[in-house]
Amino acid sequence: MLGALCSSSICIPAAIIVALRFGRSVREVVVGDARGFAVNLLALAPVAWLMARTFSLPSGWWATLLFALPLYTTRVAYQKFVEMREMFTQTIGALAEAVDKRDPFTSRHSWRVKEIAVDIGREMRVSEVELEALEWGGLLHDVGKIGVPDRVLLKQDRLTREERTIMNAHPVLGEQIIKPVAKLARELPIIRHHHEWYNGSGYPDRLIGHEIPKLARILHVADAFEAMTAARPYRLTPLTPEQAIAELRKFSGIQFDPEVVDAFVRTRWAEGLPDPGRPTVEPRPIPLLAQAAGRLSQAASPPTSTAAPPS
């Protein structure tokens, strides 16, 4: 009991600080860390038992010092791991910032998409590993725009068919850029498929419904909401959050996974805003004309809508 109280006296204040820093509830932080704490406790329990047994032996107190070196080296190794992960995250963030700064209209776009996507992921109770993939995938989802020429990326008029084909290639380019980084293997499906539509009319692979990776479906909603509520060359006056939510609902089952939209409206980004409600749970089919066009040319652009302008 005393141990539990001591742990709580440290854990709860730390959880409050983390919750305030990242805008999360204290309960969410404590529950999220409970698994890691339990694993560490189970791993260290045998070592603690062995140290206690050694100390109880005649003149065994000095033998317990032998445990100091491996414990110290373990601590140093863990600290180095944390530092390396932080440096890796900062490097990814710097790369995302460099991509966003190519276009003055998308400054900090990737950071906001990452935050929205992670909040949706928490509402959908994805695993910690998946949350990390959403975090890094959100930052890197547009990295393929490095390969898009300025004449296309920065054009303020409507893109031609050829220019649209070039722009639509950025998810594949992004996957190719990140693929050599083994640590980011989980992020590759997010980067490649974040412009797939729920009814199969998206790009690059025209996946439909749950063929689209779950995390890519989450990021698609986050990306669309951020794009709609920010100024763009083709729409200098952004939509209000209320209007953006209405668009997400309108194209739920067409462009967006309805379950992901449901999760989004429960996040802080939609708190206190009116919600038109959930219209459908099944992929709404592509019109026959669009299906025919898709068969004729995989490079054809997806159906236009106000819900998902390029971001």
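The values are calculated or read from the model by the stated rules, or taken from the named source; none is laboratory data. Computed from a predicted structure; not experimentally measured. Note: ideal-geometry Cβ built from the backbone for every residue, glycine included; neighbour counts use all protein chains shown.
For this structure, a couple of remarks:
- Residue selected from segment 107-141 under the condition surrounded by fewer than 17 Cβ atoms within 10 Å (Cβ to Cβ) and among the hydroxyl-bearing types (S, T, Y), by the criterion farthest from R268 (Cα to Cα): S107
- The set of residues in segment 153-169 that are in a helix (DSSP H, G or I) and among the basic types (K, R) comprises R161, R164.
- Qualifying residue in segment 193-205 (condition: farther than 28 Å from V129 by Cβ, touching a Leu at 6+ places or on another chain (Cβ under 8 Å) and in a helix (DSSP H, G or I)): no
- Count - residues of segment 204-250 that are of a type outside the set (A, V, I, L, M, F, W, C) and buried (at least 24 other Cβ atoms within 10 Å of the Cβ): 4
- Residues that are aliphatic (A, V, I, L, M), in a helix (DSSP H, G or I) and either out of contact with any Ser or Thr (no Cβ under 6 Å at 6 or more places or on another chain) or touching a residue at least 60 places away in the same chain (Cβ under 8 Å) (or both), drawn from segment 111-145: V113, I116, A117, V118, I120, V129, L131, A133, L134, L140, V143
Table: residues versus (1) under 14 Å from the mean Cα position of the chain (by Cα); (2) over 23 Å from L95 (Cα atoms); (3) among the β-branched types (V, I, T).
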position	(1), (2), (3)
L153	no, no, no
T160	no, yes, yes
V172	no, no, yes
R192	yes, no, no
G202	no, yes, no
P213	yes, yes, no
A231	no, no, no
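- Contact map, segment 232-248: residues that are over 22 Å from G277 (Cα atoms) and in contact (Cβ under 8 Å) with a residue 12 or more places away in the chain paired with residues that are among the β-branched types (V, I, T) and crowded, with 18+ Cβ neighbours inside 10 Å, Cβ distance under 9 Å, separation 6+ or inter-chain. Pairs shown: R232/T106.
- Looking only at segment 101-110, and only at residues there that are assigned to a helix (DSSP H, G or I) and of a type in the set (S, T, Y), the one that is nearest to E259 (Cα to Cα): S110
Per-residue answers, yes or no, for (1) of a type in the set (A, V, I, L, M, F, W, C); (2) at pLDDT 95 or above; (3) in a helix (DSSP H, G or I):
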{"residue": "R151", "(1), (2), (3)": "no, no, yes"}
{"residue": "P171", "(1), (2), (3)": "no, yes, yes"}
{"residue": "L207", "(1), (2), (3)": "yes, yes, no"}
{"residue": "I218", "(1), (2), (3)": "yes, yes, yes"}
{"residue": "A230", "(1), (2), (3)": "yes, no, no"}
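- Segment 73-106, residues that are of a type in the set (K, R) and surrounded by fewer than 15 Cβ atoms within 10 Å (Cβ to Cβ): R75, K80, R85, K101
- Segment 173-185 residues that are over 17 Å from V99 (Cα atoms), paired with ones that are buried (at least 18 other Cβ atoms within 10 Å of the Cβ) (beta carbon under 7 Å, 6 or more apart): K179/L188; L184/W136; L184/I178
- When the residues of segment 205-231 are filtered to those that are among the charged types (D, E, K, R) and in contact (Cβ under 8 Å) with a residue 40 or more places away in the chain, the one that is farthest from R186 (Cα to Cα) is E226.
- Any chance E83 is over 20 Å from I178 (Cα atoms), in a helix (DSSP H, G or I) and either of a type in the set (D, E, K, R) or modelled with pLDDT of 85 or more (or both): yes
- Residue match in segment 96-109 (condition: at pLDDT 90 or above and under 19 Å from K183 (Cβ atoms)): no
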